Structures are given as C-alpha cells and as structure tokens.
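The values are calculated or read from the model by the stated rules, or taken from the named source; none is laboratory data. Predicted model, so just to flag it, every value in this text is computed and none were measured. All Cβ positions, glycine included, derive from the backbone under ideal geometry; neighbour counts span all protein chains shown. Each accessible area value is taken on the protein alone, full model and side chains, heavy atoms only, with ligands, DNA and RNA left out. Shrake-Rupley method; radii C 1.70, N 1.55, O 1.52, S 1.80 Å.
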Amino acid sequence: MLNMNQKLIKREQEGKTIKTGIVGAGQMGRGMVTQMVLMHGIMPAIVSDINVENAVNAFKYAGVSDSDIVIVNTLAEANAAMEKGKYVATESSDFISQANLVDCVIDATGVPDVGARVATDAMKNKKHVVMLNVETDVVIGPYLKKLAEKEGVIYTGSAGDEPGAVMELYCFAKAMGLDVKVMGKGKNNKLARDCNPDTVLEEAIRRKMSPKMLCAFKDGTKTMVEMTAMSNATGLIPDVIGGHGVESDVKGLNEKFKLIKDGGILNKHGVVEYVNGIAPGVFVTVSTENDEIAYQMQYHSMGPGPLWTLYRPYHLCNLETPLTVAKAIIDGEPTIVPIDGLVSECITVAKRDLKAGETIDGIGGYTTYGSIATLEESDKNGYVPYGLINNKTRMKKDVKKGQLLTLDCVELDTTTMIYQLRKEQDKMYNRNILL
C-alpha cells in the first residue's frame, strides 16, 4: 500500500472521493465505517443493516452529526441524499448495489448466501466488490472472479483479514525470489470445538460481538475458512486435513516447519498452516537454494536456516478494508483472489452426534464446524462444502461427533443462490460434485 496516503489525498483534492456502500453494520461493519470517515479521499456513503439503527450508530461512532445522516426507504431517496453529500442508512442491501454514486460495494455480513447475492448484484451494476466475507469466497470465489472480469470490475478479498494480510508477505517473499514453504496465521482464540452460541454468550456480550461470530472463531471454523482462502489464492495446500495447529512462538517455526525426515512436523512443503501461540499475527516461512542469500539471511539475524520466518504481528481486519477499496479503484488491482478454480475446500465436521432427519446449522452454530482439505481429497470422498450448510440442511444418516460430513449423508438447501452459483462454478471446471 505504498503511497496510498498521498493517492487518497489527491483524490479528495480533485473532488473524486471514493464512495463506498457497506452491507452489514455489526462489529466488522461498524469499525470499518468509523475508520473510513476519518480517512481522506474515501467515505462510507451508504450503509445497510437489517437493523437500521446499527447503520446510524456506525456513523455516530465516527462523529458524524445527526443532520448529516439520512435514513432512506427508497432507492430514489438514497440517490438524492448521496448527491447532497449525506451519509445514508438503510435496511435494504439492494440499494447498496443499485445506488448511482457507489463506486465499490463491501460485504461485511459473514453470511455465505448473502455474500453471493450482494457480490453478484453489485458487479452486474458495474460496482467493484470487496469481500470481507471469506465464507462466501471459499465456496464461489472463482465464479465471482470470472463474473468481475466479464463485467469489467474488480472482485477482491480484503486487506487486514488474515488471508489479505498474509498475502502481502507472500507477494513480498516471492518478489524477492524466495521459496515460500509455509503460509499461515496465528489462532486468535483457544480452540474449543464443542462451543456454541450459548456457551460463548457471556464473553460475546463483554466483547460486543455476535455470539455466532465468536463461536466460529473459537471452534476453529474461521481459521479453516481463512486457510482455504490462502490456499485458493496461492496454490499452497494443507499438509493434513485440518492442519497441524502446532504450538510455537515465531522463532520456533523455523524448526517446527522442517520436514519430518529433518526433525520437523511436515510431510511436505508448500502448505498452509495455523499456529497456536503467535496470534494475532500472520507469517510465511521461506527458504532459498542460494548459499549467498542464505548467508545474508543469517547476517540479518533471521536465524541459521535453512528456513526463515517473515512475521507480521498484527492484522487490523475491517480497519484495513478501505485500503483494499482504494487499491482496487486507484491502482486497479485486487488484494487477494483465487488463482483459477479451487485448490482447497472448507469442509463440514459434526460438532456432536447427529441423527437422521435432524435439521442442522452452519457457521457459528450448534451442530457443525469447518475444516480444510485439498480439493482433490474433498472431491474423492464427497465432503460437503461448509458454506452450503444452513439451518435448512437435513441429515439423511446418523453420524458421529467429529465425522466429516459427505454429500450422501445430508440433504442440502438447493434453493439458495450460493448453491446455484456453486453448481455453475463446478460446470466451469468440469466438476459434477453437487447432484
């Protein structure tokens, strides 16, 4: 993001302030709106939430006066208010994609099917799309990327979210000619596979979070989703289903990430991983075949080799999202997108014993959590893409706690947009997984 501060100031001076539309004013959306109001050359022009007061409060947290906030109920009202330079709040996410002056749409809902609808509507209305909704991207990211190319806009994941944050390190290392052996993130919450929205409720209230969001963090689902996005953007794959999740500090990774034959934990290199003990950071572990560069890495206090870890000790998630918007519009470049088709799949695991006929739920819920597998392994065994699970999914067979769900044991909700778009995506790549 070099020189982006000056580029944004220039946009403001030229009267070309970037106008964004944001869907979702929960914790992620609220912080993003507040941050964007404080910046030069960009503004959260219109924000939608099913509870419109959440959108209004997001503006107020940033110090926007009541007289500059307009609640609208029609698209015409939204357009008129934006033309006057007002901050617009609405319950309708449709207005975000359809408003005349919106340059870029941001989805901050974390709901896979909502993300599918918001992204497709926005791009068909010639808006750039920034997805702070990795849950959608890991299911239909390749489809959305191709739709963006067709519509002449940019589709991208967000800076600040772990996949976007670590992509900066990955590109840095690759540009220098280093070999990336491992790419990953720290686990931000102690792993608690059995947690549910009820068991985390008190903590969620204290942290001003949605219980479902906190549950998805603690049961490991978010980590698996994020690793899947890293994999799909780079071609790196999980070493084992679910990753190793080693305990380590940053300095220890150079030893931990050696191959098993060399005293480490990995079966192979070229993998995505997560680590307990280095949160909230992201990392890439690299190597080189060149003796001189190896000497220079040692000289620069990176360790004796043959592996060295580049570490960023923070990711500011939603607060960095405006920088991805700016990069897309000013530089014409995405932050992170799938390379071409899926490389890995975020798959579904039973959180408890499940019975035939039982209705289950998805992200941050009571009955399932996410894991990661290579696409090849997922296709071979028929694992269920986790982003297709919702509260209308019904079990066809009994399964045990910890079992990986397969397509023959669930009845998916086939009415959702994300399901239909996933079928279209599978056709693009000559796959026939969803029947």
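Descriptive notes on the structure:
- Residue ID - nearest to THR34 (Cα to Cα), chosen from residues in region 76-93 that are open to solvent by 60 Å² or more (accessible area, probe 1.4 Å) and part of a loop (DSSP other than H, G, I, E, B): GLU91
- Comparison of ASN73, ASN133, ASN100, ASN54 shows that the only residue that is of a type in the set (S, T, N, Q) and open to solvent by less than 20 Å² (accessible area, probe 1.4 Å) is ASN133.
- Among the residues of region 230-240, those that are under 12 Å from GLY184 (Cβ atoms) and in a helix (DSSP H, G or I) comprise MET230, SER231, THR234.
- Selection from region 241-269 of residues that are touching a residue at least 60 places away in the same chain (Cβ under 8 Å), more than 27 Å from ASN381 (Cα to Cα) and not in a loop (DSSP other than H, G, I, E, B): LEU253
- Candidates ILE106, ILE50, ILE96, filtered to the one that is under 24 Å from the mean Cα position of the chain (by Cα), closer than 23 Å to ALA148 by Cβ, not in a helix (DSSP H, G or I) and not polar (S, T, N, Q): ILE106
- Scanning region 234-274 for residues that are on the phi < 0 side of the Ramachandran plot, in contact with a Ser or Thr (Cβ under 7 Å, 6 or more places away or on another chain), open to solvent by less than 20 Å² (accessible area, probe 1.4 Å) and not hydroxyl-bearing (Ser, Thr, Tyr) yields PRO238, LEU253, PHE257, VAL272.
- Region 157-204, residues that are small (Gly, Ala, Ser) and either closer than 21 Å to ALA108 by Cβ or open to solvent by 30 Å² or more (accessible area, probe 1.4 Å) (or both): GLY157, SER158, ALA159, GLY160, GLY164, ALA165, ALA175, GLY177, ALA192, ALA204
- Number of residues in region 1-31 that are assigned to a helix (DSSP H, G or I), touching a strand residue (DSSP E or B) at 6+ places or on another chain (Cβ under 9 Å), modelled with pLDDT of 95 or more and open to solvent by less than 70 Å² (accessible area, probe 1.4 Å): the value is 2.
- Selection within region 136-156 - under 9 Å from the mean Cα position of the chain (by Cα) and open to solvent by 10 Å² or more (accessible area, probe 1.4 Å): ASP137
- Residue that is surrounded by the fewest Cβ atoms within 10 Å (Cβ to Cβ), among those in region 340-356 that are among the acidic types (Asp, Glu) and touching a residue at least 60 places away in the same chain (Cβ under 8 Å): ASP340
- Single match in LYS401, LYS427, LYS423, LYS397 (criterion: in contact with a Cys (Cβ under 7 Å, 6 or more places away or on another chain) and without any contact (Cβ under 8 Å) to a residue 60 or more places away in the chain): LYS397
- Lone unmet requirement of (1) in contact with a Lys or Arg (Cβ under 7 Å, 6 or more places away or on another chain); (2) open to solvent by 10 Å² or more (accessible area, probe 1.4 Å); (3) part of a helix (DSSP H, G or I) for GLN296: (1)
- Condition met for PRO313 (within 15 Å of ALA159 (Cα to Cα), modelled with pLDDT of 95 or more, crowded, with 18+ Cβ neighbours inside 10 Å and not basic (Lys, Arg)): no
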